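For reference, the structure discussed in these notes is given below.
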Amino acid sequence: MDGNGRWAKKRLMPRSYGHRKGVDSTRLAVEFFARAGIKHLTLFAFSSENWNRPAEEVSSLMELLVQSLRQYTAELHEKRIRIRFIGDRSSFSADLQQQIQHTENETGANRNMVLNIAANYGGRWDILNASRRLAQQVQAGAIDPADIDDRLFADGLSLGDCPDPDLFIRTGGEQRVSNFLLWQLAYTEFYFCETLWPDFAEPDMTAALAEYSKRQRRYGKTASQIEIPGQC
Ligand code: IPE
Ligand code: MG
């Protein structure tokens, strides 16, 4: 969800104004993708590197997270959306941690869609955590290093119980991953668009899904292995 700051700057407004507008886009996107039948949606709300932003921006983002959860938990619960946070929440204020816990508990049994919110998340952090856990299991004699395969490794990651993402969308024109789900994106289709996140609306979401439907996913195979004879 990139481009909030530039969106605000274009309007001669503080960056925090862009972040507030970004929450409205987020709400629309969650609603749209839930309606479209997407079962897992992961939003990158705050990266482990975002702490390096000016202190007042960091605190406005933290405040916005608490407020948004307070404001929208009931609505998301009504839509049967399960909300989960991934990332290191221990650096958040007690207030935010409590709110996260409350939102996760409240929506934990919902099955319409899983909404993962990545906050203080980094793909490398995730991989390091999984590695550490496996190393501890090896040290304890619970597993043999030879047993470590894709599945076992992925089980230790934050989204171990979710399928790998089919589609990655980045708004705001930058074409990079910025330490998002590094392991899980191995075969994900990438979609970059120029639209700044506060302007990201239904036409962009429809365009992203339409583009995805044109992609051929080969997972290392050749096109003729994938194509079903007699079909285009
Ligand atoms: C939102 O956009 C990303 C968040 C950390 C919430 P940015 O704040 O990165 O906006 P730009 O890239 O400066 O425009
Ligand atoms: Mg940015």
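Coordinate-derived values only; no laboratory data. Worth saying up front: this structure is predicted, and the values here are computed from it rather than measured. Cβ sites come from the backbone with ideal geometry, for glycine too, and all protein chains shown count toward neighbours.
Counting only residues that are among the aliphatic types (A, V, I, L, M) and not in a helix (DSSP H, G or I), which one in region 194-213 is nearest to ligand 1 (Cβ to nearest atom)? That would be 196.
Scanning region 2-13 for residues that are of a type in the set (A, V, I, L, M), surrounded by fewer than 21 Cβ atoms within 10 Å (Cβ to Cβ) and on the phi < 0 side of the Ramachandran plot turns up just one, 13. Each residue in region 157-206 was checked for being touching a Pro at 6+ places or on another chain (Cβ under 8 Å) and among the polar types (S, T, N, Q), and 2 pass. Scanning region 157-193 for residues that are outside any loop (DSSP other than H, G, I, E, B) and under 23 Å from residue 220 (Cα atoms) returns 167, 168, 169, 189, 190, 191, 192. Residues considered: 148, 228, 169. Of these, the only one that is aliphatic (A, V, I, L, M) and without any contact (Cβ under 8 Å) to a residue 12 or more places away in the chain is 228.
The single residue among 113, 62 that is surrounded by 15 or more Cβ atoms within 10 Å (Cβ to Cβ) and either without any contact (Cβ under 8 Å) to a residue 12 or more places away in the chain or farther than 23 Å from residue 179 by Cβ (or both) turns out to be 113. Just checking, does region 159-171 include any residue being crowded, with 17+ Cβ neighbours inside 10 Å and farther than 18 Å from residue 1 by Cβ? Within region 159-171 (the criterion being crowded, with 17+ Cβ neighbours inside 10 Å and farther than 18 Å from residue 1 by Cβ), the answer is yes, since at least one residue qualifies. Residues in region 14-32 that are surrounded by fewer than 21 Cβ atoms within 10 Å (Cβ to Cβ) and away from ligand 2 (no atom under 16 Å from the Cβ): 24, 27, 28, 31, 32. The residue of region 183-193 that is nearest to residue 9 (Cα to Cα), among those that are crowded, with 16+ Cβ neighbours inside 10 Å and away from ligand 1 (no atom under 16 Å from the Cβ), is 191.
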